[in-house]
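One structure is given below, encoded as structure tokens.
A short reminder: the numbers here are calculations on the coordinates, not readings from a lab. Computed from a prediction, not measured in an experiment: that's the story for all the values here. Here the Cβ positions follow ideal geometry from the backbone for every residue, glycine too, while neighbour counts run over all protein chains shown.
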Amino acid sequence: MSGIIPHIEVPLLAADGISRLALTIFFMPVITFAVLFFAGKNIPASIRSWLATVVMGVMFLLSVYVHINLEGTHLSRWIWFEIGSIKFTTSLLLSNYSSTMMVIATFVSFMVHVYSVQYMKERRNHSKYFPYLALFVSSMLGIILSDNLLITFIFWELVGLASFLLIGFWYEKDSSAAAAKKAFLYNKFADLAFVIAIMILYGVYGTTEISIIQQYTNIGSALETSVFALPVLAGLAIWFATVGKSAQFPLYVWLPDAMAGPTPVSALLHAATMVAAGVFLLLKTSFLLGGWVSNIIVIIGCITALLAALQAIRTFDAKKVLAFSTVSQLGYMMMAVGVGATDAAFFHLATHAFFKACLFLSVGAVIHAMHHMQSHQFDHGQYKELDTLDMRLMGGFRKTMPITFVSYSIAYAALIGLPFFSGFLSKDAILSGLYDWACLTGTWSWLIVASAFTTVGITAFYMTRQFILIFFGDFRLMKIDVSYKKFFEHIKENEWLINVPMMLLALLSIWFFFSINPLHAQTGWWMKQSFISDHIHDFHIFIPIIAICITTIALWIAFTKYKAVDAFVDTRAHLTHLFAHNYYIEKGIEAVVIKPVFVLAKVCSETDSMINHIIHGKVYFFILFAQIADVFDRWVVDGLVHFIVGLSRFIGSYFRSYLKGEIQGYFYFTLIAFALLLLLLGWYL
Amino acid sequence: MIPVDYYIIVSILLFSIGSAIVFTRRNILYVLMGIELIFNAANINLVAFGQFEPYLNGQLFSMLVITVAAAESVVALAIVIVLFKKLNTIDLSEIKNLKEK
């Protein structure tokens, strides 16, 4: 490196009308946040929640308008600030990707808001809930719209902050506070890589504008010059940043814990904002990925998908199962990004946003109903501690909550990839992308494909397990405790504000929103018109067939296994233990990262105390020396001075004794002294 | 021209007489007069040696000494008056305030 930051001319572009509209959409939740955060306590709760919800609805409509009227890409760029002659620009990019993502994010947020109006009613700390949501959404929109890595990083951190606040929303519970802290720290650790990436790119290109960097980057030729060329390393660093946010192995362990937050927040976090941000950023900067970095992404994505799916099998926490499933699906998206099937990854991100939000909202509805029952029980003075998230205590909700059951079923079918549902299309797109890639690379990459197909089966298995445990069979809590029998009737369908968002999201999980042909996404408008990319995916008819076969087998196994299970005896305790501890990843991180850091800290502190001792020794030496010098000063130097003073005083007083105070006496002595002086003078002369 | 020795003898005499007055007399006014004599002894010396010097600086200097002596005697007499007012005496044998107690 020459040490000089290269200068690339960054043209400034004025914002056109549609970009201004997008900017307006971005600033709307910012204003909502400011108003509700600072004045929220003075506004009645219903007005507060409806204000945030209506603003979100308007944002959704405007986003749809932007998406429909958008043609081509609209890039606007203006100067952010200047330091000397260095100009920092910021920019806004409206493309098909970003406008689509905006529609998804605002729609899911809108649905979550509507849901929250009912769900969060009369909950503690209500006045802070909607401003946090607004902050979350605005930061996400910032990531979506920004074309500058520095600005993206700011919003990236704001997303982290908002997620921290929302995961720890019920912070008086220790587990919530711990989960929020965990999420925050895991994300911060990964975000370090983002900072490194920005530094590398700024060092190489002298700008952080993504589109400018894209013009000047050719990752293939960079890889030819050096395997560790700087742009390649920047790509690796950006990927690592997304490992934290998009919950990849080994940092995904924060996501299951993040279930401690309110359920609508989980829906938002998993669908439209937090985890989507990572994949979206990686899609934006996918021109930096290539060679061995891509391979790492694919391998880690594959490991993530498989491990998380396995963990979901033995989890009984209803929300955690969905959390693991999100991690698993994110693994799929990352694999797709790694093999270059970016449009497939984005397609899956979109479909996943809808059906995962729907799943969370449905499970939230079930939990809400359980809470409802619990509060009735409380009114009867029979309150008992109850884990309302435990699927072992549920069952038979199919009859009491039909709307929730139907929406859950649709989203469930979409997630496991049954035909005629959106997940089928996107998952097949990813699988065929993987297949194409494996055909080109060969050898070990077939293992990846095999494991991806295995994960399809496991996904079908654990989702069916949850489906059966919640909605089929009998109400298991009754069998454990008979006193619940009379409260079962209180488990009923929730209010419409909870049901409608669920139903709308379920509707969007059906195939015809994405492709007219229910079996093949290539013919749909989504893949054909929204994303004009160079990748032309060949249609492999056998891939969906294999996937459906695997899914069907898994479904059959799950149905036979869980159809009539009422008592849960853990036959493989070791395995459950392993899964419950996240494969000891946290222990591993502790051993690999935290312990060495502590050892280093200890060594540093010991070195420090040693240096302290040396300094102390030196100080003691100087004090001793000073004492000796002090004694010398007192007795020798001062003594000499005192001696001379005393001598003079003695002589003086001797002569003074001759003076009796008579004036003539003084004159007499003066004369004698003068005479003696003259004599002395005469002696020398 | 009178040799310089004679001047010196006169000046020595004057000096000795002045000194004797200063040492022996108890009246402060006599002591002041003795001091004046000593001044004049010095003046005679200055004038006597001044004649060897073409610019007569010595003689001029004697004029200066006379002037200073006049000023000095003014101050001295003022002191004497103050002394008399305070101590009600001009006898030097009684004035011993300079001795430390």
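When the charge dipole of the protein assembly as shown is built from unit charges on Cβ atoms (+1 for Lys and Arg, -1 for Asp and Glu) and taken about the Cα centre, the candidate among A:A411, A:V195, A:Q215 whose Cα reaches farthest toward its positive end is A:A411. In this simple spin-label model, placing a label point 7 Å from the Cα along the Cα-to-Cβ direction at both A:A673 and A:V592 gives a separation of 9.7 nm. Between B:V82, B:V47, B:V22, the GNM of chain B built on Cα springs shorter than 10 angstrom shows B:V82 fluctuating the most. Using only Cα coordinates, the Kirkwood hydrodynamic radius of the protein assembly as shown works out to 33.4 Å. Excluding same-chain neighbours fewer than eight residues apart, the aspartates and glutamates reachable from A:K121 by a Cα-Cα span under 14 Å are A:E495. When peptides A:44-52, A:406-414 are ranked by their average number of other Cβ atoms within 10 Å per residue, the highest-first order is A:406-414, A:44-52. Only lysines eight or more places from B:K85 in sequence, or on another chain, were considered; those with a Cα closer than 24 Å are A:K660, B:K96, B:K99, B:K101.
Ordering of A:326-335, A:158-167 by packing is A:326-335, A:158-167, highest average first (other Cβ atoms within 10 Å, averaged per residue). Estimated at 0.36 nm per residue, the fully extended path between A:L61 and A:F420 surpasses their Cα-Cα distance by 126.5 nm.
Most tightly packed first, judged by the mean number of other beta-carbon atoms within 10 Å of their residues, the peptides A:649-655, A:241-247 read A:241-247, A:649-655. With both labels modelled 7 Å from their Cα along Cα-to-Cβ, the A:T225 to A:A39 distance reads 5.5 nm. Averaged over the residues of peptide A:660-666, the number of Cβ atoms from other protein chains lying within 10 Å of each residue's Cβ is 6.
Taking every DSSP helix (H) stretch of at least 4 residues in chain B, weighting each as -39,500 (n - 2.57) and dividing the sum by the residue count yields a mean residue ellipticity at 222 nm of -26500 deg cm²/dmol. Magnitude of the charge dipole for the stretch B:1-90, about its Cα centre and with charges confined to Cβ atoms of Lys, Arg (+1) and Asp, Glu (-1), is about 540 debye.
State the percent of C-alpha pairs, over all pairs in the stretch A:283-387, separated by a distance greater than 19 angstrom. Percentage above 19 Å: 57. Of A:W446, A:L685, A:N148, which is farthest on the positive side of the dipole of the protein assembly as shown, counting Cα position, with +1 on Lys and Arg Cβ, -1 on Asp and Glu Cβ, and the Cα centre as origin? The listed residue farthest towards the positive side: A:W446. Note on A:K188: aspartates and glutamates with a C-alpha under 17 Å away, same-chain residues under 8 apart excluded, are A:E157, A:D257, A:E586, A:E590.
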